[in-house]
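*Asks:* Take a look at this one; I'll ask things after.
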Number of protein chains: 4
Amino acid sequence: MARTAFVHRIAAAAPDDVSGLTDAIASGTIDPRGIVAILGKTEGNGNVNDFTRAFAVRALKDALRPHLSPEAVETVSYVMSGGTEGAMSPHFLVLGSGETADAGAGPALAVGGAHTPALPFDELGRLGQVRLVAEGVRAAMAHAGIDDPADVHFVQIKCPLLTAERITSVEVRGGSVATRDTLKSMGLSRGASSLGAAVALGEIALESFDEAAIGRDASLWSGRASASAGVELANHEIVVLGMSRDWSGPLAIDHAVMADGIDVEPVRAALRRLGFDADGQLSPSERPALMALLAKAEAGTSGRLRGLRHTMLDDSDISSTRHARAFVAGSLGALVGHAGIYVSGGAEHQGPDGGGPVALIADRRRLPSLVAAEGSPS
Amino acid sequence: MARTAFVHRIAAAAPDDVSGLTDAIASGTIDPRGIVAILGKTEGNGNVNDFTRAFAVRALKDALRPHLSPEAVETVSYVMSGGTEGAMSPHFLVLGSGETADAGAGPALAVGGAHTPALPFDELGRLGQVRLVAEGVRAAMAHAGIDDPADVHFVQIKCPLLTAERITSVEVRGGSVATRDTLKSMGLSRGASSLGAAVALGEIALESFDEAAIGRDASLWSGRASASAGVELANHEIVVLGMSRDWSGPLAIDHAVMADGIDVEPVRAALRRLGFDADGQLSPSERPALMALLAKAEAGTSGRLRGLRHTMLDDSDISSTRHARAFVAGSLGALVGHAGIYVSGGAEHQGPDGGGPVALIADRRRLPSLVAAEGSPS
Amino acid sequence: MARTAFVHRIAAAAPDDVSGLTDAIASGTIDPRGIVAILGKTEGNGNVNDFTRAFAVRALKDALRPHLSPEAVETVSYVMSGGTEGAMSPHFLVLGSGETADAGAGPALAVGGAHTPALPFDELGRLGQVRLVAEGVRAAMAHAGIDDPADVHFVQIKCPLLTAERITSVEVRGGSVATRDTLKSMGLSRGASSLGAAVALGEIALESFDEAAIGRDASLWSGRASASAGVELANHEIVVLGMSRDWSGPLAIDHAVMADGIDVEPVRAALRRLGFDADGQLSPSERPALMALLAKAEAGTSGRLRGLRHTMLDDSDISSTRHARAFVAGSLGALVGHAGIYVSGGAEHQGPDGGGPVALIADRRRLPSLVAAEGSPS
Amino acid sequence: MARTAFVHRIAAAAPDDVSGLTDAIASGTIDPRGIVAILGKTEGNGNVNDFTRAFAVRALKDALRPHLSPEAVETVSYVMSGGTEGAMSPHFLVLGSGETADAGAGPALAVGGAHTPALPFDELGRLGQVRLVAEGVRAAMAHAGIDDPADVHFVQIKCPLLTAERITSVEVRGGSVATRDTLKSMGLSRGASSLGAAVALGEIALESFDEAAIGRDASLWSGRASASAGVELANHEIVVLGMSRDWSGPLAIDHAVMADGIDVEPVRAALRRLGFDADGQLSPSERPALMALLAKAEAGTSGRLRGLRHTMLDDSDISSTRHARAFVAGSLGALVGHAGIYVSGGAEHQGPDGGGPVALIADRRRLPSLVAAEGSPS
């Protein structure tokens, strides 16, 4: 018997619509005991006052409660990313592991998760957060059974943010926060978390930068980290996705780094490495084999895309994270042929300035070439 | 001597930044006497209270005033489309005609413009507007010297909208307006205008639909009309772009119809008809040959894209037109390799529900194949 | 023994922060079995995609579940009004009844509630909704023990709205909806509900208007209805507040009608009728006696306030309901000396065009005059 | 002959609607040669990408050009404040001076203006800006003929902000900016400008604080400064309003400081000092005597108003400046009986944290008491 990963994409009709999960559990499609993480795109603004994330998490936990112990419910990582701008479709990705008799066919997708302790809010956006997340990523790798950081293709981190109340809680104790701007705190938290992942993956040495670089030095970045900030947690929930010979099954993961919001050719290359033709847009016959696309989007600090000025950073009506998600959802949606994708905003230290990492999970059995050769999967 | 069209894309650093136009006139690159239309993407919200359009028009007129008679300044069509969501880059497209000794090489891009009389606001969104615009399109075709509607590839219409003040002006006279919702009036005006273009182009017979179909019957659409509504005018400014044997020069136009916001393959096909390779994203060497891309975007009334729910129509923070522009700018930007494109929101009766027409103007001399064969253009 | 009403205002730190309620139940301050309704101001946008209302309701029900039967939990009316613009403070108002030995001191505040059956979505904004709500108001009056409509001072109605999904559900059956504009559906639902209340209170005869008047004829209005639309319900939850000789205790209610958003003098007059001095702003010593202020706000269809143009109706970035709530919260907050008030947007058929009803609940024992005479309340 | 000030409030139907000014000049009501400043409330978002301010200024200058030399057109201070949230009504206040034979009746309103040199953008939000503005305020006082800072009741400053382009222009030179957040730069610029005014007025000593206090130490504030930031200028335009025995005529000014957004009693007291009864809301007969109300509004850094949490600082859909303007416009509009008032957002170092200065200009001849005694003014 070997470990085998599963990934299910479940549409949501509202932030608290967990009927798809409930049905999948009822029908036996998903074994709740194997769930490691649930990633979700929820339809709030993705910024400070986005309560759709917490609302979804509450509904998800309530849906799992009849099947799991209270401790097990809390052990699952719930990583909600707010903001389904453009035609991006609200959905949940349920990731987990089971056992299979089909051992030996590896390497295959491996999934691991970890929760860090609560972050003292005066450490948010500072080196303390970097270190805390680096430890968490190592714990999640251990959970996934991945030793070599090179085998990790994606690290998803849910991190906290500052609110007016949290800032006050630090300041009344005589402490200071990295920023008093609540929206900005989301970026600092994502940035420090991503640097933590980069440290754990060996992309950047912890000693090579100092605190002032966090949120400022765009040359420091991870090609595999993805962080989302939310008001609904005070610690970090970390999910590691990679390839491991210890795991078996049809699922495979690869990643790409976009240099900017329309840099889709590296993503096409990754699709091809996974076995897709990917000439032009993924054809209807190829689409079912793509189980998940996870990407980061951001406006870029230059205020320009390939030399042309954009207005995302100067827009006081719509935050740049919302602009960027909508735009990159269009860019990647046009590549893969639908918008049921997970594009998350705010890519501080996640990919180069203005770009971001992209992870792709394929079900190799569903690829048209294989389907043609072997028949469709059951 | 033959007529020859010109198209210049000029970046704008602000709605009133017309320095690029001023410089091009000063250097002789643009002969202001030949300008037929200036299309612009300006950085407002593209909805009712978007004053960036009028601000740009005022600046453009002031820039032309030293070179043209007051009547000639007003004869130019100024079609500002508000909303540069995502990474779309604010810019002006200056279209016009001159003379060339290079006759006979046609067909080539032909450009014509017309202004309708002022629209009585109680006709907005009704059959009176349809008829008024149909006449205007015919006048613009005559101005372009295009007889056959099949040679028309794009009709750009700037149309008025209702404001609270305008509604009151109708109602105090005892009249009624098609809608008292100012944002909705933009859609009705775009819809009636586009049906007017469809009538003039022979796509739809005027007798085949009644007033209640305007803004409602999504099966009625033009594949070549593009309409933008703005508070700054009370009539319609119409620009017709097509191919004509009476015109000469390197420019050519073609069009495509997207069935939805990520339906890029028809656009790729049009690029190929114009001489581009268009394998994957346009390569850096191909990009300079694409002089302009004009597209319409909208959310689609089904609330779904290829079966997956989106949230554009239920978002009370960001209007669906803004979502759709950002998304389609990403979709088409990823195809052509930059976001200096003209994506306009609100595609009522412009392309099928959720999709829209796209026009592409190429400079055939700049295509890599030709450049390789003949050397780069002067 | 007589019935006696209670009103508790409980601050909320987030939509799902029900700790104040939980604490009040734990300490015995609130007997959960007596709760008739919980009204809440939650911090979403108050429009279509405001999930803070449903999130709050879920948390409130979970908080009551340990204390009440499942049926009793559902019998409570949960009327969340989204939108705490300006400095309005998120809070819950818990209204209910108990018994007191202090009979005979009436009249005093009486509280009653009712739920209507689910509204077929094709009836939303139409006469069917008017009739359904009128019946519901009569049921709530009966529950409160109020026979004479003149004794009713406030009717709070939570009503449903249309979403893209709901519209489709009607249309696939061949039905039609009153509007396909989801934001507009909120206004129609509030309007039809308020007319239903007006009918039940005898303010307007059902036969005196037809369906086309709903949402259009601003001369039809209730001076005591307040309606909020929310995506989280498909029926109506109705709460009636009035004065009754059958009830006893220190609480009293009165109401006023504002002719526009700054028409505060009628509210001051109502405060004086309740025993406040209300010279200028309520003094710090008077404020504790005001238990609740409930008001409606709207932009007014004229686009003007006392002859001066405002921009609320032409703003495509911020909906007019949000503008109006912020503005009226300032207007009424400056009168009563704090912003822990319940200002709800969208006052269609609720008060005259641009104005709205206001209800005020006072604890007569806490008025400075009485406190001076009798000592402070226990 | 003595100097005499004039103040005209002119409604605007759009940012570029200067017809009221044009008419007043044509009819002789306003002598354009005497105009010192035009303050305007324009209907943009009041934040970074608010182009209504520049649009209005362009239209105002064009309106003055036929009457004034090019130098004189530029010498007028144009202080547009974006954001007419709630029912605030877009309008211009035209302030200036003429001569009167009626000398000796002083003191009366005195008006002076000054423009500073361009601010190097790396000085924005820093001590260099404080010093530059302090010098500018002294120059404007000299222009008004006011020697004693105690006679100054209001200093209106229009100051620049940072955009992505401006930040880059500093950074490519190797410089640094005070913030890379464009929205935040507006607050820093307003703050440094207001401290400059406080220094010039003797409210705060320049030596008593250091650069880090700018935008941070809320205990430092001017009770008479009002600053608005705009993208349309790179220097400061300063207007000083005060009382002077050298000036004559019916106009008088006074000021108040609000401790928070509903602290209207100090404003009522100032109204009474100016001769109004101001019992409750200004009565219709009193309103014409109030020529202008200028106020600052802000959310306050505590996240609370009189102890109750508000959500303005945590709202990522609507900036806190917009919330605060809407709320305070309601608060002050309910006091003075209309919303044709000038409430400007962002009160950093302008009044205490969460509050702001308010200036009131009265025409003493129009007060009901005087009108009753002497007949109405011509």
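*Asks:* Looking only at the range A:241-253, count how many residues are outside any loop (DSSP other than H, G, I, E, B), of a type outside the set (S, T, N, Q) and either modelled with pLDDT under 95 or in contact with a helix residue (DSSP H, G or I) (Cβ under 9 Å, 6 or more places away or on another chain) (or both).
*Replies:* Selection size over the range A:241-253: 6.
*Asks:* From B:50, B:23, which residue is out of contact with any Cys (no Cβ under 7 Å at 6 or more places or on another chain), surrounded by fewer than 16 Cβ atoms within 10 Å (Cβ to Cβ) and of a type in the set (D, E, K, R)?
*Replies:* Just one listed residue meets the conditions, B:23.
*Asks:* Can you name every residue in the range D:316-327 that is buried (at least 24 other Cβ atoms within 10 Å of the Cβ), part of a loop (DSSP other than H, G, I, E, B) and either hydrophobic (A, V, I, L, M, F, W, C) or at the interface with chain C (Cβ under 9 Å from one of its Cβ atoms) (or both)?
*Replies:* D:318
*Asks:* Kindly provide the set of residues from the range A:203-217 that are crowded, with 18+ Cβ neighbours inside 10 Å and modelled with pLDDT under 95, ordered by number.
*Replies:* Listed by number, the list holds a single entry, A:215.
*Asks:* When the residues of the range C:153-174 are filtered to those that are without any contact (Cβ under 8 Å) to a residue 24 or more places away in the chain and away from chain B (no Cβ under 14 Å), which remaining residue is surrounded by the most Cβ atoms within 10 Å (Cβ to Cβ)?
*Replies:* If we take residues in the range C:153-174 being without any contact (Cβ under 8 Å) to a residue 24 or more places away in the chain and away from chain B (no Cβ under 14 Å), then C:173 is surrounded by the most Cβ atoms within 10 Å (Cβ to Cβ).
*Asks:* Follow-up. Do you know which of the residues in the range C:348-363 that are within 14 Å of chain D (Cβ to nearest Cβ) and outside any strand (DSSP E or B) is surrounded by the fewest Cβ atoms within 10 Å (Cβ to Cβ)?
*Replies:* Within the range C:348-363, the match that is surrounded by the fewest Cβ atoms within 10 Å (Cβ to Cβ) is C:353.
*Asks:* Hey, among C:84, C:116, which residue is within 15 Å of the chain's Cα centre (by Cα) and polar (S, T, N, Q)?
*Replies:* Criteria check complete, one pass: C:84.
*Asks:* Looking at the range D:279-286, can you tell me whether even one residue there is closer than 20 Å to residue C:333 by Cβ, modelled with pLDDT under 95 and of a type in the set (S, T, N, Q)?
*Replies:* Taking every residue of the range D:279-286 in turn, none turns out to be closer than 20 Å to residue C:333 by Cβ, modelled with pLDDT under 95 and of a type in the set (S, T, N, Q).
*Asks:* Please pick out the residue among A:118, A:142, A:54 that is of a type in the set (Gly, Ala, Ser) and touching a helix residue (DSSP H, G or I) at 6+ places or on another chain (Cβ under 8 Å).
*Replies:* Exactly one residue qualifies, and that residue is A:54.
*Asks:* Report yes if some residue within the range C:283-297 is under 19 Å from residue D:315 (Cα atoms), basic (Lys, Arg) and not in a loop (DSSP other than H, G, I, E, B); otherwise report no.
*Replies:* Within the range C:283-297, not a single residue is under 19 Å from residue D:315 (Cα atoms), basic (Lys, Arg) and not in a loop (DSSP other than H, G, I, E, B).
*Asks:* Then there's this: Please go through the range D:26-41 and pick out each residue that is farther than 20 Å from residue D:85 by Cβ and either surrounded by fewer than 19 Cβ atoms within 10 Å (Cβ to Cβ) or within 14 Å of another protein chain (Cβ to nearest Cβ) (or both).
*Replies:* Matches in the range D:26-41: D:26, D:27, D:28, D:29, D:31, D:33, D:34.
*Asks:* Ok, one more. Return the pairs, sorted by first residue and then second, in which the second residue is part of a helix (DSSP H, G or I) and hydrophobic (A, V, I, L, M, F, W, C), the first residue lies in the range A:125-143 and is farther than 15 Å from residue A:202 by Cα, the beta carbons are less than 6 Å apart, and the residues are 6+ apart or on different chains.
*Replies:* Every condition considered, the pairs that remain are A:125/A:188; A:125/A:192; A:129/A:192.
*Asks:* A follow-up question, please. Pull out all pairs, ordered by first then second residue, where Cβ-Cβ is under 7 Å, the residues are six or more apart or on different chains, the first lies in the range C:88-99 and is within 14 Å of another protein chain (Cβ to nearest Cβ), and the second is acidic (Asp, Glu).
*Replies:* Going by the 7 Å Cβ cut-off, the qualifying pairs are C:90/C:43.
*Asks:* Which residues, taken from the range B:269-279, are within 14 Å of chain A (Cβ to nearest Cβ) and surrounded by 18 or more Cβ atoms within 10 Å (Cβ to Cβ)?
*Replies:* Answer for the range B:269-279, where residues must be within 14 Å of chain A (Cβ to nearest Cβ) and surrounded by 18 or more Cβ atoms within 10 Å (Cβ to Cβ): B:270, B:271, B:276, B:278.
*Asks:* Then there is this: Pairs please, first residue from the range A:182-210 and in contact (Cβ under 8 Å) with a residue 24 or more places away in the chain and closer than 25 Å to residue A:169 by Cβ, second anywhere and assigned to a helix (DSSP H, G or I) and among the polar types (S, T, N, Q), Cβ atoms under 6 Å, 6+ apart in sequence or on different chains.
*Replies:* If the second residue must be assigned to a helix (DSSP H, G or I) and among the polar types (S, T, N, Q), the pairs left are A:192/A:129.
*Asks:* Moving to a separate point now. Limited to the range B:181-227, what total is found for residues that are within 14 Å of another protein chain (Cβ to nearest Cβ) and of a type in the set (S, T, N, Q)?
*Replies:* 2
*Asks:* Being among the acidic types (Asp, Glu) and out of contact with any Leu (no Cβ under 9 Å at 6 or more places or on another chain) is the filter here; which residues of the range B:320-365 pass it?
*Replies:* B:353 - this is the single residue of the range B:320-365 that is among the acidic types (Asp, Glu) and out of contact with any Leu (no Cβ under 9 Å at 6 or more places or on another chain).
*Asks:* Which residues, counting only those in the range B:232-268, are surrounded by fewer than 22 Cβ atoms within 10 Å (Cβ to Cβ), within 14 Å of another protein chain (Cβ to nearest Cβ) and under 14 Å from residue B:357 (Cβ atoms)?
*Replies:* Of everything in the range B:232-268, those that are surrounded by fewer than 22 Cβ atoms within 10 Å (Cβ to Cβ), within 14 Å of another protein chain (Cβ to nearest Cβ) and under 14 Å from residue B:357 (Cβ atoms) turn out to be B:259, B:266.
Matching residues to (1) closer than 30 Å to residue C:304 by Cβ; (2) in a loop (DSSP other than H, G, I, E, B); (3) under 17 Å from the mean Cα position of the chain (by Cα):
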position: C:233; (1), (2), (3): no, yes, yes
position: C:255; (1), (2), (3): yes, no, yes
position: C:262; (1), (2), (3): yes, yes, no
position: C:271; (1), (2), (3): yes, no, no
position: C:275; (1), (2), (3): no, yes, no
position: C:280; (1), (2), (3): yes, yes, no
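*Asks:* Looking at D:192, D:197, D:150 in this structure, which one is surrounded by fewer than 22 Cβ atoms within 10 Å (Cβ to Cβ), at pLDDT 95 or above and either in contact with a Lys or Arg (Cβ under 7 Å, 6 or more places away or on another chain) or part of a helix (DSSP H, G or I) (or both)?
*Replies:* Unique residue meeting the criteria: D:150.
*Asks:* Restricting attention to the range C:303-312, which residues are facing chain B (nearest Cβ under 8 Å) and in contact with a Lys or Arg (Cβ under 9 Å, 6 or more places away or on another chain)?
*Replies:* Result: C:303, single match.
*Asks:* Starting from residues that are more than 10 Å from every other protein chain (Cβ to nearest Cβ) and not in a loop (DSSP other than H, G, I, E, B), keep the ones in the range C:328-347 and report whichever is modelled with the lowest pLDDT.
*Replies:* Among residues in the range C:328-347 that are more than 10 Å from every other protein chain (Cβ to nearest Cβ) and not in a loop (DSSP other than H, G, I, E, B), the one modelled with the lowest pLDDT is C:345.
*Asks:* Can you confirm whether the range B:42-55 contains a residue that is away from chain A (no Cβ under 14 Å), in contact with a Pro (Cβ under 7 Å, 6 or more places away or on another chain) and touching a residue at least 24 places away in the same chain (Cβ under 8 Å)?
*Replies:* Within the range B:42-55 (the criterion being away from chain A (no Cβ under 14 Å), in contact with a Pro (Cβ under 7 Å, 6 or more places away or on another chain) and touching a residue at least 24 places away in the same chain (Cβ under 8 Å)), the answer is yes, since at least one residue qualifies.
The values are calculated or read from the model by the stated rules, or taken from the named source; none is laboratory data. No experiment lies behind these values; they were computed from the predicted model shown. Don't worry about glycine lacking a Cβ; one is built from the backbone with ideal geometry, like all the others, and counts go over all protein chains shown.
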